[in-house]
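The values are calculated or read from the model by the stated rules, or taken from the named source; none is laboratory data. Small disclaimer: the values here were computed from a predicted structure and weren't measured. Virtual Cβ from ideal backbone geometry, glycine too; neighbours counted across all protein chains shown.
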Amino acid sequence: MTTITTAPLAPLLDRLFQEADAASQATIPSLAALSPDEHQRLMRSKTDYLDFYGQLKDLPLAVSRETGKLLYMLARSSKARTIVEFGTSFGLSTLYLAAALRDNGGGRVITSEFEPSKVARARHNLVAGGLVDLVEIREGDALQTLRTDLPDTVDLLLLDGAKSLYPEILSLVESRLRPGAFVVADNADYSPEYLAYVRSPDHGYVSTPFGEDVELSMRIG
Ligand SMILES: C[S@@+](CC[C@H](N)C(=O)[O-])C[C@H]1O[C@@H](n2cnc3c(N)ncnc32)[C@H](O)[C@@H]1O
């Protein structure tokens with residue numbers, strides 16, 4: 001028996017993923033009108049991310065179910081106690097991470113989201129999943145909120161906010177990553193700079209693409 005396979009979390013995840021599957025960027029007129037090139041540009045921009053994600057504030061943009069389970073497994077197998085997440089949205093990935101902490105015996109997920117309505121929805125979902133006591137949601141731009149007051153040691157980092165900021169957010173957390181810590185970056189193809197960094201043998205990671213969307217890296221140095 002695990003927290004992700006039993007009530008209240010299992011039926012909650014089923015419902016939230018059904019809602020996520022039904023949601024689409026095509027329902028937002030300003031985004032539906034974007035050309036593929038402009039969409040690519042916004043996904044990679046280091047300056048327009050607040051406006052871009054502001055337009056996406058009503059969409060969950062969640063990790064896949066497979067990535068959610070991967071997060072749970074990595075956090076369990078590494079006996080994680082401290083986890084940092086960039087990009088909370090409605091909290092689906094946070095639910096998996098917090099469930100792993102519950103099953104590991106406790107700990108803290110520090111997660112970051114600048115959109116106030118998303119913070120409220122994530123908190124609501126964490127309460128419904130019985131996991132809110134394990135999560136600190138930092139509201140605001142993660143470039144600021146993850147700059148201070150991080151735990152001395154971080155066991156797992158999930159990067160799932162604005163893709164262009166992955167290198168900057170990693171640099172805020174990197175000195176805290178313990179040897180063996182995992183860094184999971186969703187849709188990292190939008191940040192070639194990030195991929196070049198973690199794949200270079202000079203920077204202290206072993207890194208590989210994993211599944212359809214993920215770059216999975218392990219801190220070695
Ligand atoms: C892909 S969604 C996260 C999905 C979430 N991890 C899940 O699986 O449910 C990305 C989220 O990051 C937030 N975001 C983007 N850039 C951010 C930043 N610089 N600081 C804080 N939040 C940010 C967006 O508002 C959006 O809700």
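One line per residue, one yes/no per condition, for (1) assigned to a loop (DSSP other than H, G, I, E, B); (2) exposed (fewer than 11 other Cβ atoms within 10 Å of the Cβ); (3) at pLDDT below 90:
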residue	(1), (2), (3)
1	yes, yes, yes
7	yes, yes, no
10	no, no, no
13	no, no, no
21	no, no, no
26	no, yes, yes
42	no, no, yes
52	no, no, no
59	yes, no, no
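Restricting attention to the range 143-167, the residues that are near the ligand (Cβ under 9 Å from one of its atoms), surrounded by fewer than 17 Cβ atoms within 10 Å (Cβ to Cβ) and within 18 Å of residue 182 (Cα to Cα) total 0.
Do we have residue 80 as modelled with pLDDT of 95 or more, farther than 17 Å from residue 12 by Cα and either among the aromatic types (Phe, Trp, Tyr) or in contact with a helix residue (DSSP H, G or I) (Cβ under 7 Å, 6 or more places away or on another chain) (or both) here? Yes: the conditions hold for residue 80. Scanning the range 171-210 for residues that are β-branched (Val, Ile, Thr) and not in a strand (DSSP E or B) gives 173, 198. The sole residue among 121, 81 that is among the charged types (D, E, K, R) and either under 16 Å from the mean Cα position of the chain (by Cα) or under 20 Å from residue 7 (Cβ atoms) (or both) is 121. Could you list, in sequence order, the residues of the range 115-133 that are among the aliphatic types (A, V, I, L, M) and crowded, with 20+ Cβ neighbours inside 10 Å? Those that are among the aliphatic types (A, V, I, L, M) and crowded, with 20+ Cβ neighbours inside 10 Å: 119, 122, 126, 131. Being of a type outside the set (Ser, Thr, Tyr), surrounded by 20 or more Cβ atoms within 10 Å (Cβ to Cβ), under 17 Å from the mean Cα position of the chain (by Cα) and not in a helix (DSSP H, G or I), is that true of even one residue in the range 94-104? Checked the range 94-104: no residue is of a type outside the set (Ser, Thr, Tyr), surrounded by 20 or more Cβ atoms within 10 Å (Cβ to Cβ), under 17 Å from the mean Cα position of the chain (by Cα) and not in a helix (DSSP H, G or I).
Note on the range 49-77: residues that are more than 8 Å from the ligand (Cβ to nearest atom) and over 19 Å from residue 23 (Cα atoms) amount to 10. Counting only residues that are of a type in the set (D, E, K, R), near the ligand (Cβ under 9 Å from one of its atoms) and assigned to a strand (DSSP E or B), the range 105-128 holds 1 of them. Residues that are farther than 12 Å from residue 169 by Cβ, within 12 Å of the ligand (Cβ to nearest atom) and part of a loop (DSSP other than H, G, I, E, B) within the range 129-142 comprise just one, 140.
Against the conditions (1) touching a residue at least 24 places away in the same chain (Cβ under 8 Å); (2) part of a loop (DSSP other than H, G, I, E, B); (3) on the phi < 0 side of the Ramachandran plot, residue 148 satisfies every one except (1).
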